[in-house]
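Just below is one structure, and these are the notes that go with it.
The values are calculated or read from the model by the stated rules, or taken from the named source; none is laboratory data. Here the structure is a predicted model, which is why all the values come from computation and not from measurement. Note that each Cβ is placed from the backbone with ideal geometry, even for glycine, and that neighbours are counted across all protein chains shown.
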Amino acid sequence: MHWNSLSEFISMGGYGVYVWGSFGVTFVLLTAEIVVLRARKRKLAQRADAKTRLEARDSKLETVL
């Protein structure tokens with residue numbers, strides 16, 4: 001299609017609300033997915049560190065006994 005102005009491009013022949021709304025919803029969902037994945041990664045790293053510390057402590061106790 002050919003648009004003569006920015007406002008025609010944004011309105012997309014009357015379908016702009018649906019087109020730009022779809023882009024907006026997709027952007028929000030992708031951003032939320034990234035945030036959730038980063039939080040999950042951080043939590044898993046903390047759990048792994050805690051497990052490593054516990055295993056190191058247990059191995060020190062075993063060598064003492």
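Test of understanding: among Leu44, Leu30, Leu54, which residue is assigned to a helix (DSSP H, G or I) and modelled with pLDDT under 95?
Values: Leu44 fails: modelled with pLDDT under 95; Leu30 fails: modelled with pLDDT under 95.
Step by step, each of Leu44, Leu30, Leu54 is checked, and only Leu54 is assigned to a helix (DSSP H, G or I) and modelled with pLDDT under 95.
Quick test for you: out of Val64, Val17, pick the one residue that is at pLDDT 90 or above and among the aliphatic types (A, V, I, L, M). Before you say what the answer is, go through the steps one by one.
Numbers: Val64 fails: at pLDDT 90 or above.
The match here is Val17.
Scan the range 1-53 for residues that are small (Gly, Ala, Ser) and surrounded by fewer than 10 Cβ atoms within 10 Å (Cβ to Cβ) and jot them down. Give the steps one after another, and end with the answer.
Narrowing the range 1-53 to residues small (Gly, Ala, Ser): 5, 7, 11, 13-14, 16, 21-22, 24, 32, 39, 45, 48, 50.
Listed by number, the residues that qualify are Ser5, Ser7, Gly14.
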